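The structure appears below as C-alpha cells.
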Amino acid sequence: MDAALQRLKIGPFAEDLFHPGHNACPGCGSTTALRMVLNACGRKCVFVVPASCASLYFCPSDTSAASVPVIHTVFAGAFAEAEGIAYGLRAQGREENVVVWAGDGACYDMGFSGLSGAAVRDADILVVCNDNEGYQNTGGHQSSATPQDALMQNGYNPDDLVGSSRRKDLAEIMASHGVPYVATASAAYPEDLSAKVTKAMHMKGFRFILLLTPCVTWGYESRVSVKLARLAVETGYFPLYEVDAGVRYRITHEPERRPFEEFAQLQKRLRRADLRIAKREIVQKWEDLRFKASRYPEQFHLRAVAG
Ligand code: SF4
C-alpha cells in the first residue's frame with residue numbers, strides 16, 4: 001500500500017487534514033473540495049465557518065473531522081470575526097493564516113456586506129466560497145448564486161418555483177474591490193485548485209477563491225459529482241481564472257467548450273431551464289474574460305502580489 005502511494009505521489013492518509021467520519025451526503029462536492037483545500041492550507045491555519053452544511057460536516061456531534069482549529073460563527077459575522085482573529089494572532093506574533101470557509105449564502109447574500117467590508121479594509125484573510133448555488137443545508141433554497149430557471153425547493157410545490165434571477169457574478173464583484181487576489185477553482189482540477197490555495201496562502205491582505213461545488217440537491221446521482229464539476233468547467237459555464245490586484249486577469253484552464261446540455265442533463269434542477277439563456281451568458285462571459293486577460297502584459301506592475 002505504502003509503495004503504491006509513493007508511486008502515485010500521494011502522502012500517507014495520516015497526514016490528511018480532513019478525516020473520514022464527517023457527515024456530509026454521499027456525493028457531496030463540497031467535502032471533496034474541502035479535503036484538497038485543507039491539505040493545501042496545511043496545519044498553520046485557523047478555519048472560520050459560518051452557518052452552512054460545513055457547520056455540520058466539519059465538526060459532527062462532539063468531534064471534529066479536521067486537524068486544524070475550527071470556529072463556528074453566524075452568517076453575517078464571519079468575515080469581521082476572521083479579520084479580528086487575524087489581528088489578534090498578529091498581535092501575539094503568530095503567523096497562522098485565517099481561512100473563512102463560507103457557502104454562497106454567506107458570501108453572495110446574507111453575509112455580503114461583511115465580505116465586501118473585509119475586502120475594502122484589505123483584511124488579512126483568505127475567503128474560500130464553497131459555492132453550491134443555493135442554501136442547500138436547508139434543503140435547496142434559492143440564493144443569488146442559483147442559476148436562472150433552476151428548480152429550487154422554495155415552497156409547497158418546488159416545480160412551480162424556479163430561480164428567478166440571474167446568477168450573480170461574485171468573482172467579478174470581488175475583483176472590482178481591487179483586492180490582492182481573486183480566483184475561481186474546482187475540485188475536478190486538483191492541481192489548479194491546490195496551486196491557487198498555495199499562492200493565496202503566501203500572500204498578505206484580502207484573498208478570495210470562488211469554488212464551485214456540486215450538491216446532491218441539484219438532483220444528480222452521487223457518483224457523477226466530480227464529473228459535473230468537470231463539465232461545469234469544460235462547457236465554459238464556470239471558467240477557471242485568477243485576478244491579481246483587481247487588474248491582471250489570467251485564464252488558468254482552456255475548456256473544451258463541450259455542449260452545455262451535457263452539464264444540464266445530468267441534474268434535475270435544470271430540466272425546465274431555457275438553456276439558450278445560459279449559453280448566451282457563457283458566450284458573453286468568455287468574451288469579457290478574454291478581453292480582460294489580453295489587457296495587461298505579464299510584466300504589469302502589481303502592487304499587492306507577494307513574490
Ligand atoms: S446538502 Fe449538498 S452541500 Fe450539504 S452536505 Fe449534502 S451534498 Fe454536501
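Give the cross-link partners of LYS204 among the lysines, using a straight C-alpha distance below 21 Å as the criterion and excluding same-chain residues fewer than 8 apart. Cross-link targets: LYS44, LYS196. In summary, the aspartates and glutamates within cross-link reach of LYS292, defined as a Cα separation below 18 angstrom excluding same-chain residues under 8 places away, comprise ASP169, GLU172, GLU242, ASP244, GLU254, GLU281. Look at the Cα gyration tensor of segment 46-139: its axes a ≥ b ≥ c give a/c of at least 1.5 with a/b at or below b/c, and that counts as oblate. Using θ = phi - 60° in the Karplus curve 6.51 cos²θ - 1.76 cosθ + 1.60, the 3J(HN,Hα) couplings for segment 55-67 round to 4, 8, 7, 5, 9, x, 6, 9, 10, 9, 8, 10, 9 Hz; x is entered for Gly and Pro. Taking amide hydrogens as placed 1.01 Å from N in the peptide plane, the amide H of HIS253 sits under 5 Å from those of LEU240, each at least 5 positions away in sequence or on another chain. Protection proxy ranking, highest mean first, for peptides 111-118, 77-84: 77-84, 111-118, where packing is the per-residue count of other beta-carbon atoms within 10 Å, averaged. Entry for the chain at q = 0.07, 0.10, 0.12, 0.13 Å⁻¹: log10 I(q)/I(0) = -0.26, -0.53, -0.78, -0.93, Debye formula applied to identical alpha-carbon scatterers, no solvent contribution.
Dipole magnitude for the chain: about 500 debye, using +1 per Lys or Arg Cβ and -1 per Asp or Glu Cβ, origin at the Cα centre.
No lab work stands behind these numbers, since they all come straight from the coordinates. Because the structure is predicted, anything quoted here is derived from the model rather than measured. In this analysis, Cβ positions are derived from the backbone assuming ideal geometry, glycine residues included, and neighbour counts consider all displayed protein chains.
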